[in-house]
Amino acid sequence: MANPVEQFRTMIDGASRIVFFTGAGISTESGIPDFRSPGTGLWNKIKPIEFDDFIASEEHRHEYWSRHFSSKDTTWADAKPNRGHLGIAKLVDEGNSTGVITQNIDNLHQDAGVPDDLVVELHGNRAYAKCLTCGARYELDDLKAQFERDDAVPPCRICGGIIKTATISFGQAMPEEEMQRAQNLTMECDLFVVVGSSLVVYPAAGFPQIAKRMGAELVILNREPTPLDPIADLVLHEEIGPTMGYLLDLN
């Protein structure tokens with residue numbers, strides 16, 4: 001029987017429309033903590049501020065931004081793409097992959113070299129903020145300076161709406177445009193590769209099932225078993241960075 005990693009390489013070589021679906025597991029190797037891991041996930045330590053509370057309460061908005069701009073919150077800023085991100089970027093650059101669907105909000109796929117228009121961010125992006133009403137973009141360094149000066153993030157200067165990081169919070173609707181883009185990529189791919197996702201969060205975790213129904217092969221690369229392992233054509237319970245590095249001859 002072929003080595004699973006070599007089998008993965010063969011599947012990649014035989015595909016022309018690869019879609020990668022990435023979760024927190026690909027970024028933990030860059031030092032970004034997982035949100036959901038039992039006992040160690042961030043949500044076990046800090047109760048998240050729900051979207052409705054953020055909208056309704058100035059107090060909750062202040063707490064939200066205070067957490068975001070905390071001096072302790074340096075992990076994200078210092079994180080760099082690892083071999084998992086770089087391997088995916090290489091395949092995108094070579095034309096083997098039509099896009100990346102990610103549950104992550106860390107911008108590491110773009111930092112690795114994947115063009116913005118080929119990354120579908122289901123849960124948004126933590127690298128900037130935007131107005132919830134008109135969609136105007138705001139840079140976090142500017143907002144931090146205002147917060148430190150005024151102890152608040154001001155309303156949108158264009159329409160007066162509430163500004164929030166460009167992420168999807170608990171209770172906030174999933175972005176319709178991104179969900180549609182993800183579905184289109186999934187339905188058109190010939191190889192769907194899950195990398196570092198536990199596949200327990202829906203509707204996002206439904207995309208691998210859609211890919212299988214449309215006739216694509218399914219590979220799952222994740223350290224722990226997932227509920228969709230039984231339907232996958234290949235499952236690798238391995239470290240992501242070393243596996244992708246070996247697979248693609250990355251140093």
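Every read-out reported here was derived from the displayed coordinates using simple, explicitly stated rules and does not represent laboratory data. Worth saying up front: this structure is predicted, and the values here are computed from it rather than measured. No Cβ is skipped: glycine too gets one built from the backbone with ideal geometry, and neighbour counts run over all protein chains shown.
List the pair-distance distribution P(r) of the chain, using every Cα-Cα distance, as the percent of pairs falling in each 5 Å bin from 0 up to the bin containing the longest distance, rounded to whole percents. The percentages, shortest bin first, are 1, 6, 13, 18, 18, 16, 11, 8, 5, 3, 1, 0, 0. The angle between the Cα long axis of helix 58-68 and the main principal axis of the chain comes to about 50°, on a 0 to 90 degree scale. Ranked by how many other Cβ atoms sit within 10 Å of their own Cβ, fewest first, the residues LYS164, LYS144, LYS212 fall in the order LYS144, LYS212, LYS164. When the Gaussian network model of the chain links Cα atoms closer than 10 Å, the mean-square fluctuations of THR133, THR98, THR165 top out at THR133.
Computed from point charges on the beta carbon alone (+1 for Lys and Arg, -1 for Asp and Glu), the dipole magnitude for the chain about its Cα centre is near 220 Debye.
With R₀ fixed at 22 Å, the C-beta to C-beta distance from ASP249 to GLN7 puts the FRET efficiency at about 0.85.
Selection among LEU91, PHE69, ALA127 by position relative to the dipole of the range 54-137 gives PHE69 as farthest towards the positive end (Cβ unit charges, Cα centre). The number of Lys pairs in the chain with C-alpha atoms less than 17 Å apart, excluding pairs fewer than 8 positions apart on the same chain, is 7.
What is the calculated FRET efficiency for LYS47 to ASP78, with r their C-beta to C-beta distance and R₀ = 25 Å, to the nearest 0.05?
Result of the calculation: an efficiency of 0.50.
Between the helical axis of 140-150 and the longest alpha-carbon principal axis of the chain there is an angle of about 20 degrees.
Neighbour counting of Cβ atoms within 10 Å sorts the residues ILE168, ILE163, fewest neighbours leading, into ILE168, ILE163.
Could you work out the helix-only [θ] at 222 nm for the chain, with each DSSP H run of four or more residues adding -39,500 (n - 2.57) and the total divided by the number of residues, to the nearest 500 deg cm²/dmol? Spell out each step's value before the answer.
Working: 12 runs with 94 residues, N = 251.
Here the helix-only value at 222 nm equals -10000 deg cm²/dmol.
Rounded, prolate or oblate, given the Cα gyration tensor of the range 73-215, with a/c below 1.5 counting as rounded? Prolate, since a/c reaches 1.5 and a/b exceeds b/c.
What percent does the relative contact order of the chain come to when contacts are Cα pairs within less than 8 Å and at least six residues apart?
On the way: 425 pairs, mean separation 61.4, N = 251.
This gives 24 percent for the chain.
Ordered by the count of other Cβ atoms within 10 Å of each Cβ, fewest first, HIS109, HIS237, HIS60 give HIS237, HIS60, HIS109.
Subtract the Cα-Cα distance of ASP111 and GLU94 from 0.36 nm times their separation in residues, and report this length gain in nm to one decimal. Mind dumping the intermediate values first?
On the way: separation 17, 0.36 × 17 = 6.12 nm, distance 1.69 nm.
Residue separation times 0.36 nm, minus the Cα-Cα distance, leaves 4.4 nm.
Nearest 0.05, what FRET efficiency do ASP142 and GLU176 give at R0 = 30 Å with Cβ-Cβ as r? For R0 = 30 Å, the calculated efficiency reads 0.60.
Farthest towards the positive end of the charge dipole of the chain, among the residues THR226, HIS60, GLY206, is the Cα of HIS60, using unit charges on the Cβ of Lys, Arg, Asp and Glu. Ordering PRO175, GLN146, CYS156 by Cα displacement along the dipole of the range 102-251 toward the positive end leaves CYS156 in first place; charges were set at the Cβ atoms of Lys, Arg (+1) and Asp, Glu (-1).
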